[in-house]
Amino acid sequence: MNYEDFFQSELDLLRSQGNYRVFANLQRQPGSFPRVMHKRAGSVGGARDEVTVWCSNDYLGMGQHPLVLEAMHEALDNCGAGAGGTRNIAGTNHYHVLLEEELADLHGKDAALLFNSGYMSNWAAIGTLAARLSGCVVLSDAKNHASMIEGARHSRARIEVFAHNSPEDLDRRLAALDPASPKLVMFESIYSMDGDIAPIAEICDVAEKHNALTYLDEVHAVGLYGPRGGGIAEREGIMHRLDVIEGTLAKGYGVIGGYITGSANLVDYVRSFASGFIFTTALPPAIAAGALASIRHLKASDTERREQQRLVALLRGKLTAAGVPHYNNPSHIVPVMVGDAALCKQISDTLLEQHGVYVQPINYPTVARGTERLRITPSPKHTDADVDHLVGALSAIWSQMDLARAA
């Protein structure tokens, strides 16, 4: 077999389908979010342009908040760059202890456990629970994130996929199972591509009826919803009904890392048996310190959340008035629907090159073919003028490409 020819042909196929991914060369600048510097491909002398980012998962701009940066600088000076190894071998840094206590408090749980990413926390926690609960059946929402799906697959447990956001289908599937078998119901609060929100209370009703554990992924909600940023479950007053609440430090909190929260025994069980925790070098202390500062700030401050919600409403209204098709949902995620991979990339390129706007195209396999989109995420750092500029650019492109009729 000619391996190089194989790799080349597969990459060529991606390009022909419009699904080949090109990463924009961007440099974030402290204090200027959502403005970044973009190095143009093939530019002479490394010329850079300032562009406005509209697709960041640093939803509240906390990645450049002065309190976060100050905490990270202090921890770096006090503790050095790295954690020194796994927590089992190198020990637990005090910042890890403080951060886990803060996360447990955020979700009203006994305990929390840190991982190096949200992907890892889902993969390791779900994989461990489903594998070690003998005869466990995993009930997975049809639109769950890849990390949740991979965790369930890794466990080799039986997986039942229930219709998206359907407590009724979940109930039917649970009712068909052995009442004595362990069951794990896993779902998300906000689904990141469509921005729709799960009926958490109704899913809990069904899970409790069938004595199933509930596992809620709040990665796109923590920091952004609830009076202290605890997510959708906090906003709805039902955190106590979830057995596991999982989240990330890389989106609303602007740093990196993932975590689970739950009962002391459940969290200790995952800590003791999850290979994805045991054999992985711990987060650097400076990262933990930055996340700790971000969480503490957003527990006390609602300013960022309210301003983001205002900008989201403003953007939606202006997109509607301009005739730019966008998916209506109750969250902060604004998907502008295109429906064609090549066209989606073309629009993204035009926004960047002609309008100084960066929005990455979302194509297969992240979303189903035919549902390609631009996923826009307003932040409290955007201005009303930024909204006008974005909508004006999209409106002009829609007219140029005759997308209004096609939509």
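The values are calculated or read from the model by the stated rules, or taken from the named source; none is laboratory data. A quick note: this is a predicted structure, and the numbers were derived from the prediction, not measured. Counting neighbours? That spans all protein chains shown, and the Cβs are built from the backbone with ideal geometry, glycine included. These area figures cover heavy atoms from the full protein model, side chains too; ligands, DNA and RNA do not enter into them. Shrake-Rupley method; radii C 1.70, N 1.55, O 1.52, S 1.80 Å.
Summary of computed values
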read-out	value
Complete set of residues in region 342-355 that are charged (D, E, K, R) and either open to solvent by less than 30 Å² (accessible area, probe 1.4 Å) or within 12 Å of Gln17 (Cβ to Cβ) (or both)	Lys345
Those residues of region 246-273 which are aromatic (Phe, Trp, Tyr) and open to solvent by 10 Å² or more (accessible area, probe 1.4 Å), in sequence order	Tyr269, Phe273
Residue identified as at pLDDT 95 or above, out of contact with any Lys or Arg (no Cβ under 8 Å at 6 or more places or on another chain) and open to solvent by less than 40 Å² (accessible area, probe 1.4 Å) among Leu139, Leu170	Leu170
Flag for Tyr253 being under 16 Å from the mean Cα position of the chain (by Cα), within 13 Å of Leu60 (Cβ to Cβ) and in contact (Cβ under 8 Å) with a residue 60 or more places away in the chain	yes
Some residue of region 2-21 being among the aromatic types (Phe, Trp, Tyr), open to solvent by 90 Å² or more (accessible area, probe 1.4 Å), without any contact (Cβ under 8 Å) to a residue 24 or more places away in the chain and closer than 22 Å to Lys251 by Cα	no
Conditions (1) open to solvent by less than 60 Å² (accessible area, probe 1.4 Å); (2) out of contact with any Leu (no Cβ under 9 Å at 6 or more places or on another chain); number of the one not met by Glu101	(1)
Residue pairs meeting the criteria (Cβ under 7 Å; at least 6 apart or on separate chains; first over 20 Å from Gly135 (Cβ atoms) and touching a residue at least 24 places away in the same chain (Cβ under 8 Å), in region 152-173; second part of a helix (DSSP H, G or I) and not charged (D, E, K, R))	Pro167/Ile203; Pro167/Val206; Asp171/Val206
Residue among Leu69, Leu99, Leu129 that is in contact (Cβ under 8 Å) with a residue 40 or more places away in the chain and in contact with a Ser or Thr (Cβ under 9 Å, 6 or more places away or on another chain)	Leu129
Some residue of region 201-209 being within 25 Å of His96 (Cα to Cα) and surrounded by 21 or more Cβ atoms within 10 Å (Cβ to Cβ)	no
Residue match in region 34-52 (condition: over 30 Å from Ser301 (Cα atoms), among the acidic types (Asp, Glu), outside any strand (DSSP E or B) and open to solvent by 30 Å² or more (accessible area, probe 1.4 Å))	no
Members of region 278-292 found to be open to solvent by 20 Å² or more (accessible area, probe 1.4 Å) and either under 20 Å from the mean Cα position of the chain (by Cα) or among the aromatic types (Phe, Trp, Tyr) (or both), listed by number	Phe279, Ile287
Breaking point among (1) open to solvent by 10 Å² or more (accessible area, probe 1.4 Å); (2) in contact (Cβ under 8 Å) with a residue 24 or more places away in the chain; (3) at negative phi, for Gly339	(3)
Filtered residues of region 231-245 (kept if open to solvent by less than 50 Å² (accessible area, probe 1.4 Å), in contact (Cβ under 8 Å) with a residue 60 or more places away in the chain and either over 20 Å from His145 (Cα atoms) or among the β-branched types (Val, Ile, Thr) (or both))	Glu234, Met239, Val244, Ile245
Any pair with Cβ under 8 angstrom, 6 or more apart, that starts in region 314-328 at a residue that is exposed (fewer than 13 other Cβ atoms within 10 Å of the Cβ) and ends at one that is not acidic (Asp, Glu)	Asn328/Arg316
Pairs, first in contact (Cβ under 8 Å) with a residue 40 or more places away in the chain and in a helix (DSSP H, G or I) in region 271-290, second acidic (Asp, Glu) and open to solvent by 20 Å² or more (accessible area, probe 1.4 Å), C-beta under 8 Å, six or more apart	Ala289/Glu74
Test: residue in region 60-73 that is at pLDDT 90 or above, crowded, with 16+ Cβ neighbours inside 10 Å and over 25 Å from Thr383 (Cα atoms)	yes
Residues (in contact (Cβ under 8 Å) with a residue 60 or more places away in the chain, under 14 Å from the mean Cα position of the chain (by Cα) and in a strand (DSSP E or B)) located in region 206-227	Asp217
Members of region 351-382 found to be more than 16 Å from Arg316 (Cα to Cα) and not in a loop (DSSP other than H, G, I, E, B), listed by number	Leu351, Leu352, Glu353, Gln354, His355, Val357, Tyr358, Pro361, Ile362
Given (1) open to solvent by 30 Å² or more (accessible area, probe 1.4 Å); (2) in contact with a Leu (Cβ under 7 Å, 6 or more places away or on another chain); (3) of a type outside the set (Phe, Trp, Tyr), index of the condition Pro361 fails	(1)
Residues of region 22-33 classified as assigned to a strand (DSSP E or B) and touching a residue at least 24 places away in the same chain (Cβ under 8 Å), total	2
